[in-house]
Each structure stands twice: as structure tokens, then as C-alpha cells.
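Values quoted throughout were computed directly from the atomic coordinates according to the rules given, and no laboratory measurement underlies them. Just so you know, these numbers come straight off a predicted model, no measurement behind them. Virtual Cβ from ideal backbone geometry, glycine too; neighbours counted across all protein chains shown.
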Amino acid sequence: MQLDERKTKILQAIIRNYLETGEPVGSRTISKYTDLNLSSATIRNEMADLEEMGYILQPHTSAGRIPSDMGYRFYVDAMMAEKEREVDEMKEMLVERQDKMETLLKQVVKVLAQNTQYATMISAPSTHRNKLKFIQLSRVDASHILAVIVIEGNVIKNNILEVNEELSDETLLKLNILLNTNLNGLSIEEINLGMIATMKQQAGIHSDIVSEVIDAVAQSIKADEDLEIYTSGTNNIFRYPELADQQRASELINTFEEKQQLTGLVQETLLDENSTGIQVYIGNETPVQSMKDCSVVTATYELGEGMKGTIGIIGPKRMDYDKVIRTLRNLQNQLDELYKEEDK
């Protein structure tokens, strides 16, 4: 039989209260625990119906109620369905935004090369110093659970964890509540040893699962993903005699085509705490060996929720620094405004 909204809210309140206290839950407690504004008598009648339907049990006469296996199953299925909807919505939004972003960045780097007459690059936004949004544990089979970890920027990581025994719905539910209550909104730097020890103590015989999930969170937040870097205007190098000899030009073109060295440049730029986000490398100052005869000007752009990327302009040491820096600052502002408009 389908539960109506009132019964659903009462059942959820009973289960949440029982998970927190471990004590049978009475109607008076529920009347304070829900937003239904029902009398204790009405709640008792609803609880009697829930008991008759098999969702709750009364362990002793005149005692409160506790969830049955059927009640736990209803609660877990509803919770998991809601989390799966959230994850699916995030994935759809992320794919749509990534498609739009890729098209935009390819256009930006091309126009930038045309306007400056230098070689240009731009990295797709990536996440840095991420905070955890939520964790969802669910059973795969008797010896494995799936940990879905969602971090800032709606980046979703799936991790399969091995367990020594099949975990009950109640155990998974308690672990989900324990992990999310303690970890949501924290960066990996904020998760300290004292917090981990307390959580492991609360998890009891399942403390090893807490350790594995925290390890998975750390790997998800700190994972070094392949950076997507778009380039344009490589042929502009031949405009400048000091860069146009065969060996220098060949090295620079290979750098732009293979992009591995550009990744190091992007990572160094993103670590900059400079308020303007603008950096100028002249000659040997650049971290890219093939650009030692060049000047490189980079800027960081931000798209909220920890999402950052790097714009770079590469040219001769006699480049028009004033024009390049003004161009990059304008582009930073335009990307920022565009992101705000998309979020409205």
C-alpha cells in the first residue's frame, strides 16, 4: 500500500529519531519532530496504521515504536532515489555546461590570437581546493558497496569499496548519516585526525569503512585530472624573426601541439594567490623550456564553486605588454560576467 504524505513524514521522523537515540519513539516526540502540526492523538492513530502495515514495531507494551526491516527499506529506497535524482541532474547540467564551455573557449582562444597576433592558449576550468558536497553509500552486492562522492563544481566520483560482510540497510543508513553530518562542506585540509578518530569510534565495527571512504574523498578532491587545453595562433610565431629560426619554431610548435609542458604552466598559474591573477614570465623565468626566448603572460579566470582556468599569451620579449595585460583583464571580466548570466 502506498503511504500518503502524512504517513511518510511520520515514518521518516520515527526512523531519524531512532537512528539518533537508539530508543523507541513515542507520539509526543514525533509531534515536536515534524512540521505537520498534528496532535499526539492523530499521530498515535497514524502510527497504529503504520504498525498494522508493517513499517514499524512496538517492542514492548506502552513503549514507543521502532522501524521494521520494511520501514528501513522504504526509508533507504526513498533516500537513495532522491540522491540519484540529484546526481543525475548534476550530471546533465555538467555535460550541458561542458559542451557550451568547450565551444566558448575554442572561440575565445582563436579571437585572442587574431587580436594580439601572438600564440594563445586557454585551459578548461578545473576544480581546486574542493569541498565535499555529499556522500552516498549504496550496496552493490554482498561484498561491495558503491561510494558516490560529489565535490564542489558538481564533480562526481564513483568508488567501489570492498567490505567483509553484507551491510544491512540500517547500517548503510547510519554510515551515510554519520559521514554526511561530519564531512559535508569541508575541504580535505579541514578533515583532521581528531575528527576521523571520533567518526571511527561512532562507526564501531565498521570503522574501516569510514577510513576507506575518507581515503576515497581525499583521492577525489586531490585527483590530478588531465587538463583540457585549447591553443591557437601558433603560426604567429613566424611573424617574429627572433623566434622564427627552424629549431626554435619547431620546439614551440611541438609544445603547443603536444601540450604536456603547457599543463605545468597552467598548474603553476593556478597556484598564484595574486589578487589580479596576472603573471608575466620573461625569458628564463618561464617554467616551459621551449619558451626561454619568449615572454609569456598568463591570467586566471574563475567561474565560481572553485572552478578556475588559465589564459596565456606567448610572444617575443618585445611584445606589447600593456595591450596584452589589458586584453587579459578584459577577458577575465567577460568570462566572469558570462558565468553570472548563465547562473541566473
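Of the GluC sites (Glu not before Pro) found in the stretch 107-193, those in coil by DSSP whose Cβ has at most 10 other Cβ atoms within 10 Å are GLU165. Each of GLU52, GLU302 was scored by other Cβ atoms within 10 Å of its Cβ. Listed from fewest to most, they are GLU52, GLU302.
Here the 3J(HN,Hα) profile of the stretch 257-264, calculated from phi with Karplus coefficients 6.51, -1.76 and 1.60 at θ = phi - 60°, is 7, 7, 6, 5, 5, 5, 4, x Hz, Gly and Pro shown as x.
With a threshold of 25 Å on the Cα-Cα distance, the over-threshold entries among LYS106/LYS133; LYS32/LYS174; LYS259/LYS317; LYS9/LYS200; LYS100/LYS157; LYS100/LYS323 are LYS106/LYS133; LYS9/LYS200; LYS100/LYS323. Our summary gives the stretch 1-81 a relative contact order of 32 percent, counting only alpha carbon pairs under 8 angstrom and 6 or more residues apart.
What does the extension gain come out to for ILE282 and GLN58, with contour length at 0.36 nm per residue minus their alpha carbon separation?
Working: separation 224, 0.36 × 224 = 80.64 nm, distance 7.68 nm.
Contour length minus Cα-Cα distance gives 73.0 nm.
Applied to the stretch 325-330, the Karplus parametrisation 6.51 cos²θ - 1.76 cosθ + 1.60 on θ = phi - 60° returns per-residue 3J(HN,Hα) values of 5, 4, 4, 5, 5, 4 Hz, with x for Gly and Pro. A Stokes-Einstein calculation at 4 °C with viscosity 1.567 mPa s, built on the Kirkwood radius of the stretch 129-222 over Cα pairs, returns a diffusion coefficient of 98 µm²/s.
Once both labels are positioned 7 Å from their Cα atoms along Cα-to-Cβ, the gap between ARG6 and SER211 label points is 5.0 nm.
How would you order 289-295, 316-322 from highest to lowest mean count of nearby Cβ atoms within 10 Å? Present the calculation step by step, with values, prior to reporting the outcome.
Details: 289-295: 18.7, 316-322: 13.6.
Going from most to least packed, we get 289-295, 316-322.
Projecting label points 7 angstrom from Cα along Cα→Cβ for SER39 and ASP245 puts them 9.7 nm apart.
Going by how many other beta carbons lie within 10 Å of each one, how would you line up HIS60, HIS144, HIS206, fewest first?
Values: HIS60 7, HIS144 12, HIS206 19.
Ordered by Cβ neighbours within 10 Å, fewest first: HIS60, HIS144, HIS206.
Using R0 = 56 Å, the C-beta based FRET efficiency linking SER138 and GLU257 works out to 0.80.
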